[in-house]
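Enquirer: My questions all concern the structure below.
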Amino acid sequence: MAKTLYDTLGVSKTASADEIKKAYRKLARQHHPDANPGDKESEERFKEVQQAYDILGDEEKRNAYDRYGSWNGRGPTAGPGAANVDVGDFDLGDLGDLFGGLFGGLGGRGAQQQRGRAARQPMRGADVEATVHLSFEDSLRGAEAKVPVELTVACSECGGTGAQPGTAPVICPECNGRGVKAESQGLFALSQPCPRCRGNGTVIEKPCSKCHGTGRERKIRTYTVKIKPGVKDGTKIRLKGKGEPGSNGGPAGDLLVVTRVSASETYERRGDDLVVTVAVSFPTAALGGSVDVPTPEGTVSLKIPAGSEDGKLLRIKGRGAPRLQGSGKGDVLARIRIQVPKRVNKRERELLEELQKVSG
């Protein structure tokens, strides 16, 4: 059975996008030429992993690959008997190429040039997600965190050209810089990306020794993220343009920082409100009184109405978590828990027995 792109990355066909990305990063680090100098097998494995992720890491390309079931190095193919027709590049827009092959090339060159330009259109870089861990207290008062992110950046040796310093990419002699070729299929001529330059229109005769012609390298960049007071567990903070760089001059993606907030030993968070449990004696609950309630800004004396039941919530306004949207803060909700003494002295027993008689 032929090896699939999923086999190349060591994941199942039902793997999530995150699982595919993690597998790719692990294999790319393991087989990167910089980590295995002179090892041709690792270099070839690195190229296989890179090509597999280029397809499976893109939702549209992955769907096409899953649908047609094979890959000819340029796009998804329609399987056995299809003469390796590039289905990924064949659509109604190729009718000019089809009739151009039938009637002496009328309209074919224009369609090829248009496809070559499309192959080199600017593309936005992928978004990157990172996680920052916060204590419950820091989530209420805000914080500043350093977030390390592994990104694909332009090679520091060749500046992203992929060519050895002092040289430059040259026009592809196979397609004369168009990026596409017309391939005869009997009566038809189908346009598909040039197999030599892969649609770029240029080739690198002397690849950069550091990036091996890819023009990219993996680096760790650290960003400072300002976290607003009141963030919740799972809040996403977007940093524009701090994700993966775009291709063909396209804009970079964004960095999404996800906050993970530790649980509090004192409070339970409900939106912007904080729930705290307060112990109240039976006489205080029955007759009324006051108790001290902890809040993020300090202890507050709270009045307990007479006849308060166990579990009753009493509100202290404006002492909860800061609101991310708008201004102000939520409230602190004091949940009453009536304390029942495990032991009583002689006098307390006498009073309780008397109360029992009176109320009984």
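Enquirer: For the range 200-242, what are the residues that are surrounded by 15 or more Cβ atoms within 10 Å (Cβ to Cβ), free of Cβ contacts under 8 Å to residues at least 60 places away in the same chain and not in a loop (DSSP other than H, G, I, E, B)?
Expert: Listed by number, the residues that qualify are 202, 203, 207, 237, 239.
Enquirer: Now, a different point. Output the residue which, of all residues in the range 294-327 that are among the aliphatic types (A, V, I, L, M) and under 20 Å from residue 230 (Cβ atoms), is surrounded by the fewest Cβ atoms within 10 Å (Cβ to Cβ).
Expert: By that ranking, first place goes to 324.
Enquirer: Assuming residue 171 fulfils every condition listed in (1) at pLDDT 85 or above; (2) surrounded by fewer than 18 Cβ atoms within 10 Å (Cβ to Cβ); (3) within 30 Å of residue 255 (Cβ to Cβ) apart from one, which condition is it?
Expert: Status for residue 171: all satisfied but (3).
Enquirer: Only one of 220, 227 is over 17 Å from the mean Cα position of the chain (by Cα) and within 30 Å of residue 136 (Cα to Cα). Can you tell me which? First the steps, then the outcome.
Expert: Working: 220 fails: over 17 Å from the mean Cα position of the chain (by Cα).
It is 227.
Enquirer: For residues in the range 263-293 being part of a strand (DSSP E or B), surrounded by 13 or more Cβ atoms within 10 Å (Cβ to Cβ) and small (Gly, Ala, Ser), which is modelled with the lowest pLDDT?
Expert: Result: 281.
Enquirer: Still on this structure, I have one more. I'd like to verify a number: residues in the range 243-255 that are part of a strand (DSSP E or B) and within 17 Å of the chain's Cα centre (by Cα), how many?
Expert: Looking only at the range 243-255, we keep the residues that are part of a strand (DSSP E or B), and these are 247, 255.
Add one more test, that the residue is within 17 Å of the chain's Cα centre (by Cα), and what stays is 255.
Summing the residues that are part of a strand (DSSP E or B) and within 17 Å of the chain's Cα centre (by Cα) in the range 243-255 gives 1.
Conditions tested, residue by residue: (1) at pLDDT below 90; (2) in a loop (DSSP other than H, G, I, E, B); (3) in contact with a helix residue (DSSP H, G or I) (Cβ under 9 Å, 6 or more places away or on another chain); (4) not assigned by TED's automatic domain parsing to the domain that holds residue 253.
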position	(1), (2), (3), (4)
114	yes, no, yes, yes
117	yes, no, no, yes
130	no, no, no, no
177	yes, yes, yes, yes
181	yes, no, yes, yes
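The values are calculated or read from the model by the stated rules, or taken from the named source; none is laboratory data. Since the model is a prediction, treat every value here as computed from it, not as a measurement. Cβ: placed from backbone, ideal geometry, glycine included. Neighbour counts: every protein chain shown.
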